[in-house]
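Okay, so here's the structure we're looking at.
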Amino acid sequence: MEASPEPLSSLRRALGLLRVLADGESGGMRLKDIADAARCGQPTAHRALRDLMAEGFVEQASGGKRYRLALDFFVLAARAGQAGGLRELARPTLLRLSATLSDTIFLLVRNGYDAVCLDRIEGPFPIRSFTGDIGGKVPLGIGQGSLAMLAHLPDAEREAVIRFNMPRLLDRGFIDEPALRCAIEAARAQGWVNLNTGLIPGMAGVAVPVFDAQRRVVAALSVGTLAERLREDRLPSVVAILRGEADELGAKLNPFDVTLRYPSRSLSTVAG
């Protein structure tokens with residue numbers, strides 16, 4: 001007579017629920033759907049979820065009706081996978097680019113409706129930029145790095161950002177909606193953004209998106225330099241070098257890096 005399967009321990013049940021939530025929607029899952037996916041009863045799933053919530057690995061969203069992975073889960077995974085996070089991981093890339101191109105290099109990430117300068121390596125030429133120093137931010141849509149990220153967001157997210165940011169962009173007098181949409185289409189078609197419009201007199205820039213393993217845009221590498229240094233004869237070489245470094249950096253990304261969700265946590269460790 002074949003023995004009946006051994007009942008799952010509470011630990012194994014909880015680990016199974018973490019896998020279910022990891023595969024679920026980012027907005028969270030209903031208790032019934034979690035129980036169905038885990039092949040257990042709702043009371044059993046609820047008890048395990050309460051234990052996971054007590055440890056900080058799960059949280060409730062949408063008025064308490066949905067469950068999702070919480071920040072502590074991502075923190076633990078990040079520590080196990082890679083302690084330094086995006087800023088530390090990208091630092092050699094920025095140093096290499098600055099030395100190769102003799103220009104100022106920026107690492108930008110998205111924070112809601114804004115682009116934030118997560119790191120910057122100064123080149124030999126004095127420049128001005130939209131984001132300024134590390135920690136500076138601008139609405140998505142302003143500047144080459146910002147545009148490179150905005151252009152490659154999923155359609156629904158991109159439209160939500162455009163609707164929210166257009167009044168902010170118009171208030172600053174930078175760009176109207178038709179011009180923004182043209183710039184986005186050009187960025188999507190060519191895979192990079194080049195700005196030499198005179199918005200900051202004498203300055204120019206070029207940027208490429210950084211994608212993770214799932215081809216989601218998570219950052220941008222950007223060059224800021226004098227306009228005379230980004231003419232047609234030099235631009236293709238700069239783009240090729242940026243793209244190579246962006247591909248290499250994207251392949252190394254830790255999907256659980258909290259910097260990708262909470263840039264300010266990485267910036268808080270910047271001295272000075």
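Sequence-distant or interchain residues sharing an amide H contact under 5 Å with ALA61, placed H: which?
For ALA61, the qualifying residues are ARG66, TYR67, ARG68.
Using Cα pairs under 8 angstrom and six or more residues apart, how large is the relative contact order of segment 10-69, in percent? List each step's numbers first, then the result.
Working: 66 pairs, mean separation 24.9, N = 60.
Relative contact order for segment 10-69 comes out at 41 percent.
Taking amide hydrogens as modeled 1.01 Å from N in the peptide plane, which residues meet the under 5 Å criterion relative to GLY136, leaving out close sequence neighbours?
Amide H to amide H, under 5 Å and 5 or more residues apart or across chains, GLY136 pairs with CYS117.
How large is ³J(HN,Hα) for each residue in segment 232-249, as worked out from phi by the Karplus curve 6.51 cos²θ - 1.76 cosθ + 1.60 (θ = phi - 60°), to whole Hz, x for Gly and Pro?
4, 6, 9, 4, x, 5, 4, 4, 4, 5, 4, 4, x, 5, 5, 5, 5, 5
Taking a ≥ b ≥ c as the square roots of the Cα gyration tensor eigenvalues, with a/c under 1.5 meaning rounded and otherwise prolate when a/b beats b/c, else oblate, which class fits segment 10-69?
It is rounded, given that a/c, with a ≥ b ≥ c, falls under 1.5.
How about LYS32: which lysines have a C-alpha closer than 17 Å to its C-alpha, ignoring those fewer than 8 places off in the same chain?
Reachable lysines: LYS65.
If you take the beta carbon distance between ASP23 and THR100 as r and set R0 to 45 Å, what does 1/(1 + (r/R0)^6) give as a FRET efficiency, to the nearest 0.05?
Values: r = 41 Å, r/R0 = 0.90.
Efficiency, from the Cβ-Cβ distance: 0.65.
Can you run phi through the Karplus equation (6.51, -1.76, 1.60; θ = phi - 60°) for segment 98-108 and list ³J(HN,Hα) in whole Hz, with x for Gly and Pro?
Working through the residues one at a time gives 5, 5, 6, 9, 6, 9, 7, 10, 10, 10, 10 Hz.
Label ARG30 and ARG231 with points 7 Å out from Cα along Cα→Cβ: what is the distance between them in nm?
Placing both labels 7 Å beyond Cα along the Cβ direction yields 6.4 nm.
Quick one: which of 241-252, 113-124 comes out on top by average Cβ neighbours within 10 Å, and what's the full order, highest first?
On the way: 241-252: 16.8, 113-124: 20.3.
Per-residue mean Cβ counts within 10 Å order the peptides as 113-124, 241-252.
Given H placed 1.01 Å from N in the peptide plane, which residues other than close sequence neighbours of ALA219 have an amide H under 5 Å from its amide H?
Sorted by chain and number, the residues that satisfy this are VAL210.
Kindly identify segment 151-198 as rounded, prolate or oblate by the Cα gyration tensor criterion: order the square roots of the eigenvalues as a ≥ b ≥ c, call it rounded if a/c is under 1.5, otherwise compare a/b with b/c, prolate if a/b is larger, else oblate.
oblate
Taken together, the values in this text are just the output of simple stated rules run on the coordinates, not laboratory data. Since this is a predicted model, take the numbers as computed values, not measurements. Because the Cβ atoms are built from the backbone with ideal geometry, glycine has one as well, and the counts that use them run over all protein chains shown.
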